[in-house]
1. So the label point goes 7 Å from the Cα of B:T431 along Cα→C-beta, right? Which residues of the range A:192-235 then have their backbone N under 18 Å from it?
2. Antiparallel DSSP bridges in the range B:409-514: what percent, to the nearest 5?
3. Quick check on the exposure proxy: order A:W52, A:W317 from fewest to most C-beta atoms within 10 angstrom.
4. What net charge is computed for the residues neighbouring A:R340, neighbours being all others with C-beta under 11 Å from the C-beta of A:R340, Lys and Arg scored +1, Asp and Glu -1?
5. Taking a cut-off of 16 Å between Cα atoms, list the aspartates and glutamates near B:K298, but don't count ones fewer than 8 places away on the same chain.
6. 7 Å along Cα→Cβ for the label point: how many nanometres lie between A:T290 and each equivalent label in the other copies, listed shortest first?
7. So what J values fall out for the range A:464-470 if you push phi through Karplus, 6.51 cos²θ - 1.76 cosθ + 1.60 with θ = phi - 60°, rounded to Hz, Gly and Pro as x?
8. Using only Cα atoms, find the angle between the long axis of helix A:376-387 and the longest principal axis of chain A, and express it within 0 to 90 degrees, rounded to the nearest 10.
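FYI, it's all coordinate maths here, none of it is from the lab. Keep in mind it's a predicted model, so treat the numbers as computed, not measured. Cβ coordinates were reconstructed from backbone atoms using ideal geometry, including for glycine residues, and neighbour counts include every protein chain displayed.
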2 protein chains.
Amino acid sequence: MSEKRSTLDKVMEVSLRRGLVFPTAEIYGGFAGVYDFGPIGSFLRENLINFWLNYFVKTEVDPPVYLVSGGTVLPFDVLKASGHVDHFVDPVVECPECKTEFRADHVIEDATGQFVEGLDEQELTRIIRENNIRCPNCDSELADVTIFNLMLATKVGGGKGKVAFLRPETAQIMFLDFKRTATSMRAKLPFGIAQVGSSYRNEISPRKGLIRLREFEQMEIEMFVDPVTLNDQPNFAEIEKVKIRLLTREGQDKEPQEIIEITADEAVKQNILPNQYFAYYLAKETVWYTRCGIPRDKFRFRHMKPEETPHYSGGNWDLEIELPRGEKAQIVEIVGNAYRQAYDLGNHAKHSGEDLSIDQDGEKLIAHVVEPSFGVDRSIHCILEHCFREKGIDRDWIWFKFPNVIAPISVEIFPLMRKDGMPETAKQIYTTLKKAGFNAIYDQAGSIGRRYARADEIGCPYCCTIDYTTLDDNTVTIRDRDTMKQVRVPTIELIDVLRQLLEEKIEFEEAGQPV
Amino acid sequence: MSEKRSTLDKVMEVSLRRGLVFPTAEIYGGFAGVYDFGPIGSFLRENLINFWLNYFVKTEVDPPVYLVSGGTVLPFDVLKASGHVDHFVDPVVECPECKTEFRADHVIEDATGQFVEGLDEQELTRIIRENNIRCPNCDSELADVTIFNLMLATKVGGGKGKVAFLRPETAQIMFLDFKRTATSMRAKLPFGIAQVGSSYRNEISPRKGLIRLREFEQMEIEMFVDPVTLNDQPNFAEIEKVKIRLLTREGQDKEPQEIIEITADEAVKQNILPNQYFAYYLAKETVWYTRCGIPRDKFRFRHMKPEETPHYSGGNWDLEIELPRGEKAQIVEIVGNAYRQAYDLGNHAKHSGEDLSIDQDGEKLIAHVVEPSFGVDRSIHCILEHCFREKGIDRDWIWFKFPNVIAPISVEIFPLMRKDGMPETAKQIYTTLKKAGFNAIYDQAGSIGRRYARADEIGCPYCCTIDYTTLDDNTVTIRDRDTMKQVRVPTIELIDVLRQLLEEKIEFEEAGQPV
């Protein structure tokens, strides 16, 4: 094969060409670490968020999960109290010659394979000197390591203004709104507060694609629990037999690393995971990402090492997804799962002077927090790479095998020919589908084969063709993206059949008469 | 009546107490001009946005409207080119004594009634001196007027970073993405690009409620049109007979002001509105805001005066809503409608060096832009005030008469008593409704009367009670918020009946047997 480009390159090329993702301000040369979702990508993003909301938030009855939507600009005091002003930093090293800046830990890890997370600037500088690590760009001697706060700062108000920050995570809003939510919803523990929204980090070196962005979107839940009930998650029985893939600390130290598969139930019983609330989310994430099109064997939960874990943590396990990168897979952290104990509410109570305890059966207590924090853009990136299908395997064009629930376009409508009333009939069907809520595209340009290829290229699961037979007997063909098979169904049943197909209530073969 | 508080105060009180809107970082004393939507408010916001998307974007077939979602942090060059760096400014005047800052134009308008928009800082200072206008706060002499840029600035990247801005409007993204959208969607003129998202303005004096925020949300469409077809809007016939309330420039000069009512069709024919594309949106906005619960006689479109209008404008008409404020109504601008001609694409083409013309029937041209720009938070504020119902008129509690399509909670479920299996049956129905996609609340606390009152207070249109009869014959009562009447329906039909009620496909009296 003469094809040398990576999956990443191919995915980014089709993303740009077909309206999935564009660099922000591309006509001005782009803006590193900030992306726009185009007409196709914004449907993918919307479907993913709605799927998450339906699976993790809106259908959760006991405990309930309340959705909020908060400010993205936060005052200094909040982020001072949360520790972000002092501790949300990266070590940076500049090359005095070529003026390039690098993450000091990355430079060291790339040069020595040494894992240096948690070391301070003096220690990092010493390692650079001892190993004679030089600029990866121009091979000059590097400057000393300095510390760089990752928050984007601004000033709000008249005159010189007051320092404020773009929030580095959505979570703080849920802690700030905890009391108002509890009182306004008359909520007792346990209950959750969820949010979907933007966060901002001034990353030193944003990478290709949607993996390390300066503006990114998170879907987060803070589940507030009475600590004595942490092993009484009311719905635990629903997921206790789900097998979770875990990379424990011991497993990480082995060569090669060893992943264990264990049920949620056993992981709690054996004290591998901290509690049922925590294990509940790991099980649900396993099911959800599989439904999003990530193969089960391509992700696992990694127990963070002690030096990666804050002092108040009762357990941190990241969901990590493997991306194909030739011989060595790239590992991307997609969800952070943290048992944060009483840290957040206790800390904000102390700094704000507000009583953030909750009256639970006559006793006042500070709720413990179990937090799953999902990256929207990273999830989309991984879905794009894992759903991508090379050309030449089963067809002569690239395509995306998006699961129906997130596919940005559900159905495309084609008139076989641009004559004899076919375009008019096709447009009428297309209009009806749009008004009925389908994300649909009408396409009459080029041969039917080219139109199927274009639909496959944006992962559209079903295409309907209006042909001469339609004009005779009011039936249309539906073509299945994955198998490229076709069935013929009466036009009057089309909406119902498409709904059942999209919700996977029927198999494609059951949808109509084979063509 | 001893009740002295304004509608605004009462609405803000219930918003805070019932989870509609909270000040951001309230436990730290709040953060002027930034608000969080609580568990109830975030559903109201979500419903409003979805209603807008369905009415203005997703069901539009010809011309199509493509949805994008872009970065909120934009590089300097973009906002320099758009004119925001130089011209997006407010005149500010400080009191040297009490250190309060004021919008200079507001201080002058309040003191003299004089309309001074568009005057420069020297002219404003002269007016303040000539009229001896003093500090509204402490009556000291004011300083000279200065000019203040309204964008929130930040620095992005390593070292000292590069200046960037939080976008002051969503619109720039659609101009930046114009070319990629056209090519990736194989689009010809006319087509629209829409976006829903946050924008930021460093307002000098944010006001109470959601009217003048520093962080706010917009719903915008940029409709790109070949200028020779501006009077051939393909769907114009659908809305041409909608009557629009217009406050023309002549009408504004009369005492009292005179609003005319005219069909969209006549407004174009008489050259009152610039073209069919423009009038199309004014008609649709009229229908949409009426469906959102704003009485038709409480809003009108005002033709901006020449000094309020940029030089490139082909017509600017703001949708303004009247809010009750005792004797003198407050007027709030909710939607800006602008015929921006070729300004935006021409300007970005010039500054970026990119060819932003489009090939239309063999001719290259710069598309003209018709832009309706909606404020989400302002719309919500006006809906809250206009749907608010005082206590004592038809019931002894306050309530919101939200239209079903935007009501944050659609149905509440009550067991009549906390015994004899009623809570279990009620919870089962509640769970089924949640899983079926309803925004529902379960409430078993206090008397049925109190529970109805609580449901009314957040504008929930329907309440279902599970009583002794339910246990006998599997029927439940549904109570209608507006009329407080009740019907009894079989439990098995409940989901279907609620859907029909919520979509206003049946009258309440048709829903079941009267109780």
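1. From the range A:192-235, the list is A:192, A:232-235.
2. About 60 percent, rounded to the nearest 5.
3. So the residues, fewest neighbours to most, are A:W52, A:W317.
4. -3
5. Cross-link targets: B:E258, B:E261, B:E285, B:D318, B:E320, B:E322, B:E327, B:E333, B:E385.
6. So the distances to the same position in the other copies read 5.3 nm.
7. Running phi through 6.51 cos²θ - 1.76 cosθ + 1.60 with θ = phi - 60° gives 10, 10, 9, 10, 4, 4, 3 Hz.
8. Relative to chain A, helix A:376-387 is tipped by roughly 50 degrees.
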